[in-house]
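Student: What follows is a single structure, and I will ask about it in a moment.
The values are calculated or read from the model by the stated rules, or taken from the named source; none is laboratory data. Since this is a predicted model, take the numbers as computed values, not measurements. Reconstructed Cβ throughout: ideal geometry from the backbone, glycine too, with neighbour counts over all protein chains shown.
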Amino acid sequence: MKTKITLLFALFIGVGIGFAQQNEECMTKLSIFHEYAKAKNYDAAYEPWMAVRNQCPKFNIAIYSDGEKILDHKIDNSSGAEKKAFIEDLLDLWGKRVEFFSSKTARGEYDAKACQLMYDNRELLGKTNEELYACYDAAYINDKENFTNPKSLYTYFSLMVKLFDAGKKPAKDLFNKYDDVVEKIEDEVKNYSEKLNKLIAKEDAGTPLTKREGSYKKYYESYLKAYDQIAGSVDGELGIRANCENLIPLYQKDFDAHASDAVWLKRAVSRMYHKECTEDPLYEKLVKSYDETAPSADTKYFVATILLKNGKTSEAESYLQQSYDLETDTFKKGKLAYRIGSILKKKGRFGQARGYFRDALKLNPSNGRPHLAIADMYNDSAKNCGDSNFTKRAVYWLAAQEARKASRVDPTLTKAAAQSAASYESKAPTKAEIFTEGNSGQTIKIGCWIGASVVVP
């Protein structure tokens, strides 16, 4: 018995020493490949990295973070069968990271990255559209929260379009997936806008951003630009496939089965509205069912659009106000204020419209579109708001100032805002006219609904 205990003890000691030696070796090689990776000498890092990866796959997350950079380098600098092998190895590496470091790995993010890598190299890997779509769909369903990459969201939907065009997916699936992706984009825009709004509020209060906050601001702005671009691309991909000729029969056929399904009704009403299918009697039928099933800020807004179409302006404005009062989410309320302002602007109710646009700016300061809308109303009113040719044209300075505000707060509107401001300024009084008037530096009061002042430059 004593001999057995002694042997067992010796075995445990031997195993412990073996583990300690292995860990020491892994630590040494990890330090070596990590320093090489920091210096971007990925070829030198490859061999010690592979040794640690094979011997101690759970040892440190650097195996996976540095390993991704090492394999990216290998992929970029290889071709043919060798490149294919490195791509497949990177896919395996991401899978192992999800397995061994799940608490530090957002599955949706890494699954989407894997799908994108396969898509970008689909010819080399021999992947079909069906296989690639299935990959993205699984990543989205398994972890929608962390499936946020703008490029991957666009690729996901573009594959659905390809399958629809090839007759492999029905229109119903196409429209549902469009709504999924658009809603996801809107969620991410809301997320980054709310974060950016806090930094804009700090700047507006006169407090400089820290270096870290400045970096975050650029990060948030870059993502908002990316989502703005893919939102347009997704709409472009859908294109004429979602015209009234396709939407109306589909929703008519499915209406009875979904007459009390709030999500289905919301999507159907929204799609009919945005594709300008509101003249068809089905639109009114859908809106009424939506309002009866789940009355909300959304339903009151869509009821208002029907009343406006039927010429019931005062009743429509009451519903618009109900819609605005019912909305409790700050970001959504800001979007709603902009939509209501846009309706009133089209009706020529500029004063009321500006009130809603200003509310939109308070609720979501990083959306510059209300500034452009206000500037456009100033532009349209220039001929009617002044007691002389000079004061009327001075309104264009006010319009230009408003347009420039859009560029300051909204990174997606930099070009559009600059073009608008330049256009307005070209119609304002010239330097020669200012010299003739002799009023440089003076303040001009603008009358009518504008009720503002502008300083002559």
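Student: Taking the conditions exactly as written (over 22 Å from N191 (Cα atoms), out of contact with any Leu (no Cβ under 9 Å at 6 or more places or on another chain) and among the small types (G, A, S)), does G341 satisfy them or not?
Tutor: Spelling it out, G341 is indeed over 22 Å from N191 (Cα atoms), out of contact with any Leu (no Cβ under 9 Å at 6 or more places or on another chain) and among the small types (G, A, S).
Student: Then there's this: Return the pairs, sorted by first residue and then second, in which the second residue is surrounded by fewer than 21 Cβ atoms within 10 Å (Cβ to Cβ) and hydroxyl-bearing (S, T, Y), the first residue lies in region 263-287 and is touching a residue at least 24 places away in the same chain (Cβ under 8 Å) and within 21 Å of K177 (Cα to Cα), the beta carbons are less than 7 Å apart, and the residues are 6+ apart or on different chains.
Tutor: Filtered contacts from region 263-287: L265/T293; M272/T278; Y273/T305.
Student: Which residue is farthest from K96 (Cα to Cα), if the candidates are limited to region 23-75 and must be in contact with a Phe, Trp or Tyr (Cβ under 9 Å, 6 or more places away or on another chain) and among the aromatic types (F, W, Y)?
Tutor: Y36
Student: A further question on this structure: Looking at region 218-246, which of its residues are over 22 Å from the mean Cα position of the chain (by Cα) and assigned to a helix (DSSP H, G or I)?
Tutor: Residues satisfying the conditions are I240, R241, C244, E245, N246.
Student: Identify, please: which residue in region 382-415 is in contact (Cβ under 8 Å) with a residue 60 or more places away in the chain and farther than 29 Å from D204 by Cα and is, among those, farthest from the chain's Cα centre (by Cα)?
Tutor: The extreme case among them is D387.
Student: Within region 11-34, identify whether any single residue is touching a Gly at 6+ places or on another chain (Cβ under 9 Å), modelled with pLDDT of 50 or more and surrounded by 13 or more Cβ atoms within 10 Å (Cβ to Cβ), and answer yes or no.
Tutor: Looking through region 11-34, at least one residue is touching a Gly at 6+ places or on another chain (Cβ under 9 Å), modelled with pLDDT of 50 or more and surrounded by 13 or more Cβ atoms within 10 Å (Cβ to Cβ).
Student: If only one of S215, S233, S222 is over 27 Å from W264 (Cα atoms) and touching a helix residue (DSSP H, G or I) at 6+ places or on another chain (Cβ under 8 Å), which one is it?
Tutor: On inspection, the qualifying residue turns out to be S222.
Table: residues versus (1) small (G, A, S); (2) buried (at least 21 other Cβ atoms within 10 Å of the Cβ); (3) within 20 Å of A360 (Cβ to Cβ).
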site	(1), (2), (3)
D376	no, no, yes
S381	yes, no, yes
R393	no, no, no
D410	no, yes, yes
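Student: Consider N41 carefully, then state whether it is on the phi < 0 side of the Ramachandran plot, surrounded by fewer than 18 Cβ atoms within 10 Å (Cβ to Cβ) and under 37 Å from the mean Cα position of the chain (by Cα).
Tutor: For N41, the condition - on the phi < 0 side of the Ramachandran plot, surrounded by fewer than 18 Cβ atoms within 10 Å (Cβ to Cβ) and under 37 Å from the mean Cα position of the chain (by Cα) - is met.
Student: Something else: How many residues are in a helix (DSSP H, G or I) and either buried (at least 18 other Cβ atoms within 10 Å of the Cβ) or at pLDDT below 95 (or both) if we restrict to region 353-370?
Tutor: Result for region 353-370: 10.
Student: Looking only at region 164-182, count every residue that is among the charged types (D, E, K, R) and surrounded by 15 or more Cβ atoms within 10 Å (Cβ to Cβ) and tell me the total.
Tutor: Counting residues in region 164-182 that are among the charged types (D, E, K, R) and surrounded by 15 or more Cβ atoms within 10 Å (Cβ to Cβ) gives 4.
Student: May I pose another question? Given the criteria part of a helix (DSSP H, G or I), modelled with pLDDT of 95 or more and over 36 Å from the mean Cα position of the chain (by Cα), does E68 qualify?
Tutor: So E68 fails the test.
Student: Looking at (1) free of Cβ contacts under 8 Å to residues at least 40 places away in the same chain; (2) in a helix (DSSP H, G or I), find the lone condition where S78 falls short.
Tutor: Failed condition: (2).
Student: Here's a follow-up. Looking only at region 378-398, how many residues end up being hydrophobic (A, V, I, L, M, F, W, C), in a helix (DSSP H, G or I) and under 18 Å from G351 (Cβ atoms)?
Tutor: Qualifying residue count, region 378-398: 3.
Student: How many residues are closer than 16 Å to F331 by Cβ and surrounded by 14 or more Cβ atoms within 10 Å (Cβ to Cβ) if we restrict to region 193-213?
Tutor: Number satisfying all stated conditions: 8.
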